[in-house]
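Take a look at the structure below.
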Amino acid sequence: MKTEKMHKWLVILLGLVVSLAWLYPFVLIFINSFKTRREIFTNTLFWPEELTFENYPRAYDDLDYTRSFMNSLMITVASIIVIVLFSSMAAYALSRYPGKMSSVIYFICAITMLIPFQSLMIPLVSLFGRFDMLNRVGLTFMNLGFGSSMSIFLYFGALRSVPKSLDEAAILDGANPFQIFWRVVFPLLKPTTVTVIILNSIRIWNDYLLPSLVINKDGMYTIPLQMYYFFGQYTTQWELALAGLVLAIIPIILLYMFLQKHIIQGITEGATK
């Protein structure tokens, strides 16, 4: 009994140490966002001697935060909608109509998670450029391509826990396949859907490389692209950059806190069942 309690406390202690190590960079960013440039280089690890809130209004203005926030929000929301729609329907078709072709398609979807974006970015941008789609619409379809593989994997695993007898009962009631999925099956996938939304939102919201290759017009830049304003050739405005980072991560943290209760359940259903 004592051994079990000791093991439990060791696990808790290890978890606290790991959580502190994980939180340390965020605490460091937050603390330094209230410092002047001089204090950042002379007093990095400690709370500033005098709090200054001037960095946040300046960072807000320099980032053109309202416009860049709306650009990031539009791209993220549009990408999440198409990812959820197409990935859930694809996973449903693959799980409900098994066969050699379905197995091959699922294997291709799963294996594409291992392909790094850097190996595809040049031919991808070149292909979309030929169709005049180097814009927000094209970026949305690119996000669909890069986010669908993991999403299909999670949905496919979750659908294994949904009995086919529900489909058969809906068919007897006169429902067509479209109605069966959206009215009967999809509501049961809420935890997995929330997980897909969170994981893809974090990736899309914080993405810099792909938007930098696709979006090249003023007024269309996302928050990560606007952050580049603080990093010049000869100097870096660290105090404004850190304040801008805080402004950039607040929306996605709020989204995660709002939906976090569904995350573990969704990942468990998608990966183990």
- Item | Cα extents of segment 133-204 along the three principal axes, largest first (Å) | 47, 23, 15
- Item | Theoretical ellipticity at 222 nm over the chain - DSSP helices of four or more residues, -39500 (n - 2.57) apiece, nearest 500 | -23000 deg cm²/dmol
- Top mean-square fluctuation among 68, 165, 102, Gaussian network model of the chain, C-alpha springs under 10 Å? 165
- Lys/Arg Cβ at +1, Asp/Glu Cβ at -1, dipole of the chain taken about the Cα centre: which of 101, 126, 241 is farthest positive-ward? 101
- If we restrict to alpha carbons, what Rg and Dmax does the chain come to, in Å? 22.9, 73
- Task: Describe numerically, in nm with one decimal, the distance between label points set 7 Å from Cα along Cα→Cβ at residue 67 and at residue 212.
- Result: 2.1 nm
- Message: If I model a spin label at residue 30 and residue 74 as a point 7 Å from the Cα along the Cα→Cβ vector, what separation in nanometres do I get?
- Response: 3.2 nm
- Item | Linear extension gain, residue 202 paired with residue 22, 0.36 nm per residue minus alpha-carbon span | 63.1 nm
- Item | GNM result for the chain, Cα springs below 10 Å: residue of 164, 100, 35 fluctuating most strongly | 100
- To the nearest 10 degrees, how steeply does helix 136-159 sit against the main Cα axis of the chain, on a 0 to 90 scale? 50 degrees
- What's the longest piece of the chain with no exposed GluC sites (Glu not before Pro), counting a site as exposed if DSSP puts it in a loop and it has at most 15 other beta carbons within 10 Å? 55-273
- Message: Tell me which chymotrypsin sites (Phe, Trp or Tyr not before Pro) from segment 146-254 have a DSSP coil assignment and no more than 15 other beta carbons within 10 Å of their own.
- Response: 208, 234
- Over the chain, what is the mean sequence separation of C-alpha contacts under 8 Å (at least six apart), divided by residue count, expressed as relative contact order in percent? 32 percent
- In whole Hz, what ³J(HN,Hα) sequence does segment 163-170 give by Karplus (6.51, -1.76, 1.60; θ = phi - 60°), x for Gly and Pro? x, 5, 4, 5, 5, 5, 5, 5
- Quick calc, the chain, dipole around Cα centre from Cβ unit charges on Lys, Arg (+) and Asp, Glu (-), nearest 20 debye, gives 860 debye
- Kindly report the accessible area of the chain per residue (heavy atoms of protein chains, probe 1.4 Å, no ligands, DNA or RNA), in Å². 61 Å²
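The values are calculated or read from the model by the stated rules, or taken from the named source; none is laboratory data. Note that the structure is predicted; figures quoted are calculated from it, not measured. Don't worry about glycine lacking a Cβ; one is built from the backbone with ideal geometry, like all the others, and counts go over all protein chains shown. Heads up: the accessible areas ignore ligands, DNA and RNA and are worked out on the full protein's heavy atoms, side chains in. Shrake-Rupley method; radii C 1.70, N 1.55, O 1.52, S 1.80 Å.
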